[in-house]
1. May I ask you to list the residues in region 40-71 that are closer than 20 Å to residue 9 by Cβ, of a type outside the set (Gly, Ala, Ser) and not in a strand (DSSP E or B)?
2. Kindly indicate whether any position in region 88-110 is assigned by TED's automatic domain parsing to the domain that holds residue 128, within 27 Å of residue 123 (Cα to Cα), without any contact (Cβ under 8 Å) to a residue 24 or more places away in the chain and aliphatic (A, V, I, L, M).
3. Tell me which of these residue 97 doesn't satisfy, since it passes every other one: (1) in contact with a helix residue (DSSP H, G or I) (Cβ under 9 Å, 6 or more places away or on another chain); (2) within 14 Å of residue 45 (Cα to Cα).
Amino acid sequence: MRLTVNGKQQTYDDDADMPLLWYLRDDLRLTGTRFGCGAGLCGACTVHVNGQAVRSCQTRMGTLEGKTVLTIDALAEGGRLHPVQRAWIQHDVPQCGYCQSGQIMQAAALLKTTPNPTDADIDRAMAGNICRCGTYQRIRAAIKTAAKERA
């Protein structure tokens, strides 16, 4: 099977049931995507597949023929951080940082579909991404800042 990961064509011919997360981390050595719960409940492993935020721990390799995967490792373009990444720094969002790659990927997907999100839009989109440090107010502020920058 062929797929594109972070702009590079990849070929995969192993276990179709293997989670995308393990392919990214173990085979491609893209370690920005994190393992959290393994059940798709925490959002630490969020990546984009064809532009949609998905949980890579629950996405099976056999479903990815011809698809495009984007990870946190390639969210920045041309050496310039994505607006969400810049806003995360500006608002000092991370504490421990473990969940942040998934949070950022979820927020970037939100801004693609909802360029000017309300608090309710943000809460709804980010509800499945857990931050054990509780930086939710800073996350919301960073998303609003990134939305203004993109506008």
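The values are calculated or read from the model by the stated rules, or taken from the named source; none is laboratory data. Computed from a prediction, not measured in an experiment: that's the story for all the values here. Cβ atoms come from the backbone with ideal geometry, glycine included; neighbour counts cover every protein chain shown.
1. Passing the criteria: 50, 59, 61, 63, 64, 65, 67, 71.
2. yes
3. Only one criterion in (1) in contact with a helix residue (DSSP H, G or I) (Cβ under 9 Å, 6 or more places away or on another chain); (2) within 14 Å of residue 45 (Cα to Cα) is unmet by residue 97, namely (1).
Yes/no matrix, rows are residues, columns are (1) within 29 Å of residue 123 (Cα to Cα); (2) out of contact with any Leu (no Cβ under 7 Å at 6 or more places or on another chain); (3) at pLDDT 95 or above; (4) buried (at least 17 other Cβ atoms within 10 Å of the Cβ):
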| residue | (1), (2), (3), (4) |
| --- | --- |
| 4 | no, yes, yes, no |
| 17 | no, yes, yes, no |
| 23 | no, yes, yes, yes |
| 32 | yes, yes, yes, yes |
| 39 | yes, yes, no, no |
| 63 | yes, yes, yes, no |
